[in-house]
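We did not get these values from a lab; they are worked out from the coordinates using the rules stated. This one's a predicted model, so the numbers in the text were calculated from it and none came from an experiment. Positions of Cβ are generated from backbone atoms using ideal geometry, with glycine treated the same way; all protein chains shown enter the neighbour counts.
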Amino acid sequence: MSAAGGRDAARAPSRLLSRGAVTVALLVVMAYCLFPLLWLVIAATKDAADLTGTYGFAFADVNFADNVSTLLERDGGIYPRWFVNSLVYAGVGAAASTLICFLAGHAFDKFDFRGKEKVFGFVLIGVLVPGAATALPLYLLASNLGLVNTFWAVLLPGLVNPFGVYLARVFAHSYTPYELVEAGRLDGAREFGIFFRIAVPSMWPGVVTLFLFSFNGIWNNFFLPLLMLTDRDLFPVALGLYYWNSQSLTEADYYPSVITGSLFAVVPVILLFLFLQRYWRAGLGSGALK
Amino acid sequence: MPFLAPFFLVFGVFTILPLGYAAYLSLFSEQSSGLGFGGARTVFVGLGNFTSVLSDADFLGSFGIIGIYCLFYIPLMIGAALVITLLLDSGLAVGGRFLQLVYYLPNVVPGLIAAIIWLYLYTPGISPLVDVVEGLSGAGWSLASLPASIVAVANVTIWLHVGYNVVIFFAALQAIPRETLEAARVDGAGQVRVALSVKLPMIRGAIGIAVLMTIVGAMQLFAEPMLLSSRAPGIDSTWTPNMYVYQKAFTDHDFGVAAAAALVFAVVIGAASWGATRARRW
């Protein structure tokens, strides 16, 4: 690596940028990204006393099983319910929202109709207004209609995803050749038949990508459920943990449940991410997320 | 048009209609009778709620705090993402693909859960981090001041999202033609010179979009400061625009003012996102 010649010296990496220094710097960043999650795993094995009494990155008595059974039984066994609620909100919501987006995206790419780009302009305007800005208006309307504190109040607003329509149009354009749709029409297939039997299979990677991003977005949403729900039986897991966390400020024996509950709340999204990485990459490449 | 109907149905009912209803509500004010019982009367106040929101120091202050927050957070977030990306792309990194995966991992963690984890990591007696920071700075641990609470929130959001920007910048760097980089090297430019004079200018579009998107994201802050406020007294109940809206609706029960504030917020964030999408050139 050491270059003696004058000509090579200009091209040789400076000492600051040696392979070793770069590797160390990148490993430090890796440690920063991983240590909070590592801490969460270790803390989930400790009881309330060890949490404050022992060093954060060292294991003490392993009480993971105790913590899990306390978590599952606390407040009448409500945590599993929150978890299932989240799975339903995110699973059903993302599936329905993805279908809605691809129906529209397919139509915008494959159909010709008057004022198409103007209509699409409405979709793009929708992209500008994030869920964080419509949450309170949604609450005010739902409260007038008597829909607050219902399952629907959290599920239905999650179906709106204008950016998903934009992405679905991009996916439809790049994955489904127009000739394929045309051939289906010549064979006398109905438009819905073409969509479900020809277009959706050809866009499948895009469908999975959009589903993943929607699932993650709904799973992570906190503001809307906070506004809509006071009935604890309907809480998604993030809102439930928020509630327990405020309890823990006065009652320390909630600590292990907040921590163990947080661990289980990140497991599904991390697993989805690790196992379906290539779809995440596809989504990021096309500018998905936000 | 049965293909478009589902989207426009949910869009109309769950976006347009609520905004319209909020606009209607924002024109009224509930005024209780002087004695505090006997029920409230709903009075038409025109744009009165908007003038009181726009002259409310707490509301303007929430944008002010986000402004100060961004002055600290944006350079740090974008700067860190750029340094990491340039190191990954320097040709000296080992396992770049794996590292990108690890850096992106926190991005899938819910913001509220990230805030819970960091809340514990900010708690003296529980966190190993507090001792390290106290040892390094020589000062006591406190999140009471505004700068300290800004750092506390910024750290959580950087941890959450820095990997996202790394992935975006890295993808932008891959689009630079090989010949351009080769030409710079043949001309005798070193690694650092290539990074600063060739790579950075060539991805300035991506950097600009990332800055705008990060600002739009920062304006929407809610879960993280809300949760951290229990440990960071520097964060008050109207720290961000969304916290202000929440406070007006659920603590003060002033729906007219809350609706007006939510609409002003929607317009401001809509304009900011519009700027960001213009930069992206659809």
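Dipole of chain B computed with +1 at Lys/Arg Cβ and -1 at Asp/Glu Cβ about the Cα centre; of B:LEU19, B:ILE158, B:PHE7, farthest Cα towards the positive end is B:PHE7.
Computed over segment B:162-282, relative contact order equals 24 percent, with contacts defined as Cα pairs under 8 Å that lie 6+ residues apart.
Using θ = phi - 60° in the Karplus curve 6.51 cos²θ - 1.76 cosθ + 1.60, the 3J(HN,Hα) couplings for segment B:241-254 round to x, 5, 5, 4, 4, 4, 4, 5, 6, 9, 9, 8, 6, 9 Hz; x is entered for Gly and Pro. With neighbour counts taken as other beta-carbon atoms within 10 Å, the residues A:GLU191, B:GLU224 rank, fewest first, as A:GLU191, B:GLU224. Nearest 0.05, what FRET efficiency do A:LEU147 and B:VAL132 give at R0 = 60 Å with Cβ-Cβ as r? That pair, A:LEU147 with B:VAL132, gives E of 0.75.
Neighbour counting of Cβ atoms within 10 Å sorts the residues B:LEU47, A:LEU226, A:LEU40, fewest neighbours leading, into B:LEU47, A:LEU40, A:LEU226.
Here the contact order of chain A, divided by its residue count and restricted to Cα pairs under 8 Å and six or more residues apart, works out to 26 percent. A Förster radius of 45 Å combined with the Cβ-Cβ distance from B:LEU76 to A:TYR178 puts the calculated FRET efficiency at roughly 0.45.
Couplings for segment A:246-256, taken from phi via the Karplus curve 6.51 cos²θ - 1.76 cosθ + 1.60 with θ = phi - 60°, read 5, 5, 5, 5, 9, 10, 5, 6, 7, 3, x Hz in order; Gly and Pro are left as x.
Under the shape rule built on the C-alpha gyration tensor, where the axes satisfy a ≥ b ≥ c, segment B:59-280 is oblate, since a/c reaches at least 1.5 while a/b does not exceed b/c.
Applying 1/(1 + (r/R0)^6) with r as the Cβ-Cβ distance of A:ASP231 and A:ASP187 and R0 = 35 angstrom yields a FRET efficiency of 0.10. Each peptide in B:167-173, A:179-185 receives the mean, over its residues, of other Cβ atoms within 10 Å, and ordering these scores from highest gives B:167-173, A:179-185.
Note on segment A:176-239: semi-axes of the ellipsoid equivalent to its C-alpha gyration tensor, largest first and rounded to whole Å, are 40, 13, 7.
Spin-label pair A:THR250-B:TRP274: with each label point 7 Å from Cα along the Cα-Cβ axis, the two points sit 4.7 nm from one another. Normalised by 2.2 N^0.38 Å, where N counts its residues, the alpha-carbon radius of gyration of the protein assembly as shown equals 1.04. For chain B, the longest principal axis of the Cα atoms and the long axis of helix B:111-121 meet at an angle of about 80 degrees. Partners of B:LYS199 within straight-line reach, counting aspartates and glutamates whose Cα lies under 14 Å from its Cα and excluding those fewer than 8 residues away in the same chain: B:ASP89, B:GLU179, B:GLU182. Suppose we look only past 19 Å in the calculated P(r) of segment B:158-282. What percent of the Cα-Cα pairs does that tail hold? Cα-Cα pairs of segment B:158-282 separated by over 19 Å account for 64 percent. Computed about the Cα centre, the dipole magnitude for chain B is approximately 780 debye when only Lys and Arg (+1) and Asp and Glu (-1) carry charge, each at its Cβ. Could you tell me which of rounded, prolate or oblate describes segment B:147-222, using a ≥ b ≥ c as the square roots of the eigenvalues of the alpha-carbon gyration tensor, with rounded for a/c under 1.5 and, failing that, prolate when a/b is larger than b/c and oblate otherwise? In terms of gyration-tensor shape, prolate. The average projected area of chain A, computed from the convex hull of its Cα atoms over all directions, is 24.2 nm². Counting every other Cβ atom within 10 Å of each residue's Cβ, A:HIS173, A:HIS106, B:HIS161, B:HIS253 order from fewest to most as B:HIS253, A:HIS173, B:HIS161, A:HIS106. When you restrict to C-alpha pairs under 8 Å that are six or more residues apart and normalise by the size of segment B:59-280, the relative contact order lands at 30 percent.
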